[in-house]
There are 2 protein chains.
Amino acid sequence: MNNNRSAPEPTIARIALYLRCLRSAMKDGDTTLSSADIEKRTGISSGQVRKDLSFFGEFGKPGLGYSVDELSQRLAQIMRLDRPQDIMIVGAGNLGSALAGYTGFTESDFHLVAIYDNNFSKIGRRVWDLDILDIELMEELNGEMGVQIGMIATPAPVAQGVADRMVRSGVRVILNFSPTRVSVPKGVIVRNVDLTQELQILCYYLPAGGFAEDSFTTISSDAAKNIEDEVLGF
Amino acid sequence: MNNNRSAPEPTIARIALYLRCLRSAMKDGDTTLSSADIEKRTGISSGQVRKDLSFFGEFGKPGLGYSVDELSQRLAQIMRLDRPQDIMIVGAGNLGSALAGYTGFTESDFHLVAIYDNNFSKIGRRVWDLDILDIELMEELNGEMGVQIGMIATPAPVAQGVADRMVRSGVRVILNFSPTRVSVPKGVIVRNVDLTQELQILCYYLPAGGFAEDSFTTISSDAAKNIEDEVLGF
DNA sequence: TTTTGTTTGTACAATATTTCACAATCTCTA
DNA sequence: TAGAGATTGTGAAATATTGTACAAACAAAA
């Protein structure tokens, strides 16, 4: 799987978490964080943190820790998150529409620039501030837009066809929410988010067969409760 | 992590896929599947398939393979998916509402029985065929309902409070869609589905700058295209 | 400057997971 | 019933990932 020299995939996943942690620390006014501090905030062991970071360079200073500002900038570069990234969604159903309105993407500097469907009763309608586009026009339209990140939010039977069209249109990485595996040419990356599978996995751990996972000590329960009072609705 | 004798987590995740594969094979009229057949359908190597299954027993017959009917029944038992499972959702925003209407859950015998929110303008409104309930009443109401599976579809700041309340109400496993880690007592299991993180991971794998096009084969699935014509909308 | 205390980066050890290979077992046909 | 062919279950090897410990590097205070 990981036949080249790049960092292991679990490390990449954790780097994304460190980045979030660093930005949160920045808002708290912290200018420096040790790997132990990061452990407190994320639950990831300090040794793991240091090892993950060491895949990409030496960012810390012994006796001090990591500069929040510098490290977050470096990690953002590594993850290609130092500039806005355009994304497209195919499928304007329940899930696709919810994803289109998901504020978490915007907050992390992802920019939804197109949403496609194949249903004539949906094409032309607006989702949030976007027109739903005819999927038949994707190749043509994306020639202009050049979006490289695609999300599939369609039923399983059409997912492969959508993936094929995405690839033809220039998409390089795909987040697939449909409950099926799609095959793509070498060089294109697919990640699957399989909602049903997640629930099924949890089911397995329901009865006595289960065990304790990482129930690390309360991260910020008190802080969260205070905020809860301020926030009105979900 | 996996300190006891239960099967590794990756194995559990794949078992869920085998189950889907088996049900699909059943619809195709196949009565028997070899591990090689399962590899063709899922992409998981036949050796891996056999080893995964061997964690739970000897289900196959040398020279023949696995009985689709028997194996799917056995796996469903192991995963506790042999009977409907009740679930609850907290958060009736975009994502929560989309999850509430997600047909994939229903098809896999999950049954949404409650959706909660803390926003008075939402409480009492209907999502699909359910009233949105006041989260303050969860402990009381779930005493009756006894739901053990919860999904968190709220903003991050309130997620920990929601998790705490779920646990107090009897929930045993949690699927957390909020972009934050929640801590729970030992024995309660949390899985995180972090949409932003998934996109960020994909970003890392985006090719840097202009890249040589080594992708020649467009894996065009003819089967998928045919189905696409039949299906009207996503 | 010197000393004390902190934290990094990394070699090494320990787990966890996947891959491989093959004897044993079963089917099927004649 | 015997022999050919297919496929399982599994131990052992190979990888991959995580945990541990500590010398070296730096900060801060005396």
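Quick notes on this structure:
- Set B:99, B:141: member being under 30 Å from residue A:24 (Cα atoms), touching a residue at least 12 places away in the same chain (Cβ under 8 Å) and in a helix (DSSP H, G or I): B:99
- For segment A:57-76, the set of residues classified as near DNA strand C (Cβ under 10 Å from one of its atoms) and over 12 Å from residue A:18 (Cα atoms) consists of A:57, A:58, A:59, A:60, A:61, A:62, A:63, A:64, A:65, listed by residue number.
- Considering B:38, B:44, the condition of being on the phi < 0 side of the Ramachandran plot and within 11 Å of chain A (Cβ to nearest Cβ) is satisfied by B:44 alone.
- Single residue of B:35, B:45 found to be within 9 Å of DNA strand D (Cβ to nearest atom) and either polar (S, T, N, Q) or touching a residue at least 40 places away in the same chain (Cβ under 8 Å) (or both): B:35
- Some residue of segment A:109-118 being under 30 Å from residue A:195 (Cα atoms), small (Gly, Ala, Ser) and loosely packed, with under 15 Cβ neighbours inside 10 Å: no
- Where a residue in segment B:1-23 is within 7 Å of chain A (Cβ to nearest Cβ) and its partner, wherever it lies, is at pLDDT below 95 and within 13 Å of DNA strand C (Cβ to nearest atom), with Cβ under 6 Å and at least six apart: B:4/A:211
- Complete set of residues in segment A:102-120 that are of a type outside the set (Val, Ile, Thr), outside any helix (DSSP H, G or I) and either more than 7 Å from every other protein chain (Cβ to nearest Cβ) or in contact (Cβ under 8 Å) with a residue 24 or more places away in the chain (or both): A:108, A:109, A:110, A:111, A:112, A:114, A:116, A:117, A:118, A:119, A:120
- Qualifying residue in segment B:12-32 (condition: of a type in the set (A, V, I, L, M, F, W, C), more than 21 Å from the chain's Cα centre (by Cα) and within 13 Å of DNA strand D (Cβ to nearest atom)): no
- For segment A:64-75, the count of residues that are in contact (Cβ under 8 Å) with a residue 40 or more places away in the chain and within 9 Å of chain B (Cβ to nearest Cβ) is zero.
- Residues located in segment B:146-174, provided they are among the aliphatic types (A, V, I, L, M) and over 22 Å from the mean Cα position of the chain (by Cα): B:158
- All positions within segment B:13-44 that are near DNA strand C (Cβ under 9 Å from one of its atoms), closer than 24 Å to residue A:199 by Cα and not in a helix (DSSP H, G or I): B:44
- Here is the figure for segment B:51-103: residues that are among the charged types (D, E, K, R) and within 16 Å of DNA strand D (Cβ to nearest atom) total 7.
- Unique residue being modelled with pLDDT under 95 and either facing another protein chain (nearest Cβ under 7 Å) or in contact with a helix residue (DSSP H, G or I) (Cβ under 8 Å, 6 or more places away or on another chain) (or both) when the list is B:202, B:232: B:232
- The residues of segment B:1-10 include none that are assigned to a helix (DSSP H, G or I) and buried (at least 16 other Cβ atoms within 10 Å of the Cβ).
The values are calculated or read from the model by the stated rules, or taken from the named source; none is laboratory data. Just so we're clear, the structure is a prediction, and the values are computed from it rather than from any experiment. Don't worry about glycine lacking a Cβ; one is built from the backbone with ideal geometry, like all the others, and counts go over all protein chains shown.
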